[in-house]
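See structure below.
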Amino acid sequence: MTRTAPSSLPLHPLLAERWSPRGFDRDHEVGERQLDALLEAARWAPSAANTQPWRFVVARRGTVDFDVVYRALAPGNQAWADAASVLIVAAAQTVSADGTPLPWASYDTGQAVAHLSVQAQHDGLAVHQMGGFDRDRLAAEFDLPAEITPLVVVALGRHDPDAQLPEPFASRERAVRERLPLDALLLQRDPRRTAAA
Ligand SMILES: Cc1cc2nc3c(=O)[nH]c(=O)nc-3n(C[C@H](O)[C@H](O)[C@H](O)COP(=O)(O)O)c2cc1C
């Protein structure tokens, strides 16, 4: 099943063909090297002043950590995420070790996850990010200090187009992929404003 983005201009296939499935192959296991390659992709993301504020909890299916992360997910995510091969908590360190605030920590962590996602696409794996989870519960379970904030849980695995999903998730798997038009993303200065003297 192809879910290629109907983009207005041609995109690199890694970008155009990436999407976020909920149907995962519940028998699939990610190899150690394969998983390391994804984290390596995240590691080489750019960040403000190269502060690299991303931190990860990596939990493979069948482990206690996986169950802990899974139980912190919102019910709508629990409905399908149990079949993922790995659940990764992506967290941002918002204050450096010497107490300096890291105001771009969330931005940088999102960028690291984007790198991971593209590498996963390249490696024949699928990623589905989830903001629907109990942040405080996860922080407590993994004894995260206050300066480390969980941002998303990433479901990672091999897409299974034949996976049996409950509604409404089965329909969403086939729904038309949409985005705002390009024009709507462009902010412009009000032309009625006069030039600064
Ligand atoms: C920060 C973030 C939070 C998200 N949270 C959820 C979530 O809790 N549950 C879910 O099913 N999808 C979640 N998604 C997936 C988005 O709904 C999905 O990326 C979006 O609809 C675009 O679809 P595509 O990734 O297939 O292009 C999240 C994505 C991001 C980036």
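The values are calculated or read from the model by the stated rules, or taken from the named source; none is laboratory data. Keep in mind that this is a model prediction, so the values were computed, not measured. Note that each Cβ is placed from the backbone with ideal geometry, even for glycine, and that neighbours are counted across all protein chains shown. Areas reflect the complete protein model, heavy atoms only, side chains present, ligands, DNA and RNA absent. Shrake-Rupley method; radii C 1.70, N 1.55, O 1.52, S 1.80 Å.
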### Message
For segment 6-26, which positions are exposed (fewer than 13 other Cβ atoms within 10 Å of the Cβ) and more than 12 Å from the ligand (Cβ to nearest atom)?
### Response
S8, L9, P10, H12, P13
### Message
Within segment 67-78, does at least one residue satisfy the condition of being among the β-branched types (V, I, T) and more than 16 Å from the ligand (Cβ to nearest atom)?
### Response
yes
#### Entry: Criterion violated by A84 - all others in (1) in a helix (DSSP H, G or I); (2) within 13 Å of the ligand (Cβ to nearest atom) satisfied
(1)
### Task
From (1) in a strand (DSSP E or B); (2) within 16 Å of the ligand (Cβ to nearest atom); (3) free of Cβ contacts under 8 Å to residues at least 40 places away in the same chain; (4) not charged (D, E, K, R), pick out the condition that doesn't hold for A59.
(2)
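A quick yes/no check of all residues on (1) in contact with a Leu (Cβ under 7 Å, 6 or more places away or on another chain); (2) not small (G, A, S):
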| residue | (1), (2) |
| --- | --- |
| A105 | no, no |
| S117 | no, no |
| R137 | no, yes |
| L144 | no, yes |
| V153 | yes, yes |
### Task
Please go through segment 100-131 and pick out each residue that is surrounded by 15 or more Cβ atoms within 10 Å (Cβ to Cβ) and among the small types (G, A, S).
A105, S106, G110, A112, A114, S117, A120, A126
## Note on the structure
Given (1) within 12 Å of the ligand (Cβ to nearest atom); (2) open to solvent by less than 80 Å² (accessible area, probe 1.4 Å); (3) outside any loop (DSSP other than H, G, I, E, B), L156 misses just (1)
### Message
Which condition from (1) at pLDDT 95 or above; (2) surrounded by fewer than 14 Cβ atoms within 10 Å (Cβ to Cβ) is the one that A97 breaks?
### Response
(1)
### Query
So, in segment 159-197, of the ones that are small (G, A, S) and in a helix (DSSP H, G or I), which residue ends up surrounded by the most Cβ atoms within 10 Å (Cβ to Cβ)?
A170
### Query
Do we find a residue being outside any strand (DSSP E or B), more than 12 Å from the ligand (Cβ to nearest atom), modelled with pLDDT of 95 or more and under 13 Å from W19 (Cα atoms) anywhere in segment 123-135?
yes
